[in-house]
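Have a look at the structure below before the remarks.
The values are calculated or read from the model by the stated rules, or taken from the named source; none is laboratory data. Everything numeric in this text was worked out from a predicted model, so none of it was measured. Every residue, glycine as well, gets a Cβ built from its backbone with ideal geometry; the counts of neighbours run over all protein chains shown. Side chains are part of the model used for accessible areas, which takes the heavy atoms of the whole protein and leaves out ligands, DNA and RNA. Shrake-Rupley method; radii C 1.70, N 1.55, O 1.52, S 1.80 Å.
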Amino acid sequence: MDIEACIRRMTLEEKASLCSGGDFWHTKAVARLGIPAVMMADGPHGLRKQIGASDHLGMGQSVEAVCFPTAAGLACSFDRDLVRTLGQTLGAQCQAEGVAMLLGPAVNIKRSPLCGRNFEYFSEDPYLAGELAAAYIQGLQSQGVGASLKHFAVNNQEHRRMSVSANVDARTLREIYLAPFETAVKEAQPWSVMAAYNRVNGVYASENKWLLEDILRKDWGFEGLVVTDWGACSDRVAGLAAGQDLEMPASGGANDQKIVDAVREGRLDEAVLDCAVRRILSMVARSVEVRRPAAVFDRARDSALARALARECIVLLKNEGGILPFERSGRIACIGPFARAPRYQGGGSSHIHASAICDAAGALEALGARIDYAEGFALDTQLPDETLTQQALACAAAADAAVVFAGLPDAWESEGYDRAHMRLPENQNALIARLAEVQPHLVVVLHNGAPVEMPWADDVAGIVEAYLGGQQVGGAVADILLGEANPCAKLAESFPLRLEDTPSYLDFPGAGDQADYREGVFVGYRYYDSRRMPVRFPFGHGLSYTSFAYSDLRLSAGAITDEDALQVTLRVQNAGARAGKEIVQLYVHDAAGRVVTPEQALRGFAKVDLAPGEQTDVRFALTKRDFAYYDVALDDWAVPQGAFEIRIGRSSRDIALRAQVQVCPACPPPMTVDQNSVVGDLLAHPVTGPITAQLVQSFMPPVPDGKDALGAGTRQMLLTSVRDLPLRAVRSFVPDISEAQLADIIAMLNQALGKRA
């Protein structure tokens, strides 16, 4: 397709029409110019290609497909290759079904565990979310199918999602909420980015020029098109002017006419419209060029892959006394309706018409286990049923071990609304507590898309977090319970003890249409670790049936500039008797503490597969961004001078190795000194620091004959207190300094900084 020739030949009306959908899922065709329509479909953990009546909440019928683990579980794999494989598989399925673009991945940060769509989002950590999103996009687009990175930006709640304003300061935006989008765009260049429903600091995301043009295109170099979330368009002309290319779904021609009118009335430059048309045509042309008509959707093969992926996503949270894996010779009581009919996905636009569903009870039997089943509780009520309870107690007491398959009912987690609390249904909590009294070998398997409170956690022997693990989650759970697979996943989000502990508790979901993100950069483990707050399970936690030893942490240098890369190496050994995989996590801590910042932040992760006794070296490379914070005054990333601690951990709360590195900015941050400049700021600056330190020492009374008349404690007190003084106040405490001398000091410092006196 000759795109420029098409644009020259198109009428104004044709250009405008191309900027909205032809129907619910297709772009518009322009038959006169040979421009075809292409199809989009919902993702991201399966292909939801609708047939018949269309909708964006998953209510209409869709083609039979394979449901893979949702992002909440997938992220616990900490495995870029695994996520890339999923992307490749979904891309092949899309080719077989004639789908040009899959709507995913979703990289919004889990600000609160109550967000109804958290099961579709990767993590509370922007680094992990961005890395996995990039891998997913790379895999999907390697098959000639476009990704639509969503929901840009700050879409962290379902409550009033189409009108709420997410009010976030610039530093928090850059470090937390925009960061995963930035990584995915820079590393993978998705074909499109989907603008969110909500407003960001008062401006709708689909009309936010600062987001769509200044950040996305200019700062990050995004080359694709921006598409609205379905129904997110508020003002079509304003959106187009801000960089919004494609409105979905069809507007019935109403918004197309508004574009035509705006151009003819001089309110919209036709060149802006041409840019949008160019990007849309580029996507259409690319999808047509790489179309694979002979592609086949092998559902049986992909369903087997779904089980393999799910095994990598299941987190063993507790395994007291080595209760797991179970011995096949014993009798296992399986309790709860999820044992026979697992909850494997959430509700809404990502809802997949699964091709086959594997339940844990059947899978355990297929693997040779002897099981008994009791329903235990009903899903359509929170009230305990004493008859069901007694049957479950008898079943558990007669067995060698018992497993309760608990979780959130379908109606409790979905796109479109948020959860009201973090609790499981009361009948489930009550049953688990009573079962723990009659069966000491009790394991709880959880099917949920986000953290839940666990009042019974100390009373059970084992806890397995299966998340919403896709259509083969039952088989994967059975593999873990019987030791067919060694659990290797770790939590991609913190599990607090209670909802009231969460950093956004007082401000989620906000009042009316205002959601104020007052917790700032202290999201998830950044908050809990900084507060030294007890949690049920920390970020990065996950157990194995083997053990791993960490040793020999080495840094490539003890001091670097922020332009240098720091190489980090350590050794990991499988110290147990079983083969297994370990997820090594690298955190960076600002030891100097010159900037208010979280206790630590994840800056690297690696997954290693080791046989018993085997060891390997794990390597990371850290760059400026890994030490930086977003300096709002500079409107840029900056590294504070000083010591940073490199921490290697099994989780954010289980740090095995530590080492320090001194980091100095290669280009000192700009500064102008005046009489209101604070001494401590001057001491912290790499240029003015040494000069100011000498001046401060000169302010102190002399020490005659080697004897300090002030005393060491008093001298230290004075040195500490002077740090908070502005230069003008120094004269009040050191009267020997004249106003002229102070002016000379300021001139000298500015000269050192390269500024005119």
Efficiency of FRET from Cβ geometry, ALA511 and ASP274, R₀ 25 Å, rounded to 0.05:
0.05
Give me the lysines in straight-line cross-link reach of LYS150: C-alpha distance below 23 Å, same-chain residues under 8 apart excluded.
LYS28, LYS49, LYS110, LYS186, LYS209, LYS218
Once the Cβ-Cβ distance between ALA96 and VAL438 is put in as r, and R0 is 56 Å, what FRET efficiency do you end up with, to the nearest 0.05?
0.65
Segment 158-311: relative contact order as a whole-number percent, Cα under 8 Å and 6+ apart:
18
Going by average Cβ density within 10 Å per residue, which order do the peptides 674-680, 83-89, 419-425 take, highest to lowest?
83-89, 419-425, 674-680
Heavy atoms of the protein only, probe of 1.4 Å, neighbouring chains included. What is the accessible area of SER530 in Å², nearest 10?
40
Label point distance in nm, ALA254-GLU327, each placed 7 Å from Cα along Cα→Cβ
7.0
How much accessible area does LYS624 have with a 1.4 Å probe, in Å² rounded to the nearest 10?
80
Enter the accessible area of GLU187 (Å², nearest 10), with the probe set to 1.4 Å and all protein chains included.
90
Modelling each spin label as a point 7 Å along the Cα-to-Cβ direction, I'd like the GLN390/GLU739 distance in nm, to one decimal.
9.4
Prolate/oblate/rounded call for the chain, Cα gyration tensor, a/c under 1.5 rounded:
oblate
What order, most packed first, do the peptides 63-76, 373-386 have when packing is the mean number of other Cβ atoms within 10 Å of each residue?
63-76, 373-386
Starting from the residue with the highest accessible area, list SER287, SER738, SER698 in decreasing order, probe 1.4 Å.
SER698, SER738, SER287
Using θ = phi - 60° and Karplus 6.51 cos²θ - 1.76 cosθ + 1.60, couplings along segment 261-269 (whole Hz; Gly, Pro as x):
4, 5, 5, 5, 8, x, 8, 9, 5
Calculate what fraction, in whole %, of the accessible area of the chain sits on carbon and sulfur atoms when a 1.4 Å probe is rolled over the protein chains.
50
List the residues, sorted by chain then number, that are 5 or more residues from VAL464 or on another chain and whose placed amide H is less than 5 Å from its amide H.
LEU317, VAL444, VAL445, LEU446
Figure the gain on full extension for GLU365 and GLN615 (residue separation times 0.36 nm, minus the Cα-Cα span) and round it to one decimal in nm.
86.4 nm
For the charge dipole of the chain, defined by +1 on Lys and Arg C-beta atoms and -1 on Asp and Glu C-beta atoms about the Cα centroid, which residue among ASN208, PHE377, GLN95 has the Cα displaced farthest towards the positive pole?
GLN95
Could you tell me the distance between the Cα centroids of segment 408-469 and segment 335-356, to the nearest Å?
16
Solvent exposure ordering (accessible area, 1.4 Å, most first) of ARG264, ARG48:
ARG264, ARG48
As a test of reading the structure, rank ARG723, ARG619 by solvent-accessible area (1.4 Å probe, protein chains only), most first.
ARG619, ARG723
Simple spin-label estimate for SER547 and ILE51 in nanometres, 7 Å along Cα-Cβ
5.5
Tell me, what is the Rg over Rh of segment 384-436, with Rh the Kirkwood radius over Cα pairs?
1.08
Taking alpha-carbon centroids only, segment 673-693 lies from segment 607-667 a number of Å equal to 28
Rounded to whole Hz, the Karplus (6.51, -1.76, 1.60) HN-Hα couplings of segment 635-645, x for glycine and proline
6, 6, 7, 9, 10, x, 5, x, 8, 10, 9
Rh by Kirkwood over Cα pairs, then Stokes-Einstein D for segment 482-611 at 1.306 mPa s and 10 °C, µm²/s:
90
Summed over the other residues with a beta carbon less than 15 angstrom from that of SER677, with K and R at +1 and D and E at -1, the charge totals 0
Looking only at the chain, where both bridge partners belong to it, what percent of the DSSP beta bridges are antiparallel (to the nearest 5)?
55
Can you give the FRET efficiency for ALA356 and GLU265, using 1/(1 + (r/R0)^6), R0 = 41 Å, r = Cβ-Cβ distance, to the nearest 0.05?
0.15
Cα shape, segment 414-500, gyration tensor, a/c 1.5 rule
oblate
Segment SER698-MET162, extension gain: residue separation times 0.36 nm, minus the distance between their alpha carbons
186.8 nm
When only Cα pairs under 8 Å and 6 or more residues apart are kept, what is the percent relative contact order across segment 455-580?
24
List the residues whose amide H sits under 5 Å from the amide H of ILE371, counting only those 5 or more places along or on another chain, with H placed 1.01 Å from N in the peptide plane.
ILE332
Run through segment 257-353 and list the GluC sites (Glu not before Pro) located in a DSSP loop whose Cβ has at most 15 other Cβ atoms within 10 Å.
GLU265, GLU327
In what sequence, highest mean first, do 104-114, 552-562, 457-467 appear when ranked by Cβ atoms within 10 angstrom?
104-114, 457-467, 552-562
3J(HN,Hα) from dihedral phi, segment 22-27, Karplus parametrisation 6.51/-1.76/1.60, rounded to Hz, x for glycine, proline
x, 7, 6, 10, 10, 6
Counting only C-alpha contacts under 8 Å and six or more residues apart, can you give the relative contact order of the chain as a whole percent?
13
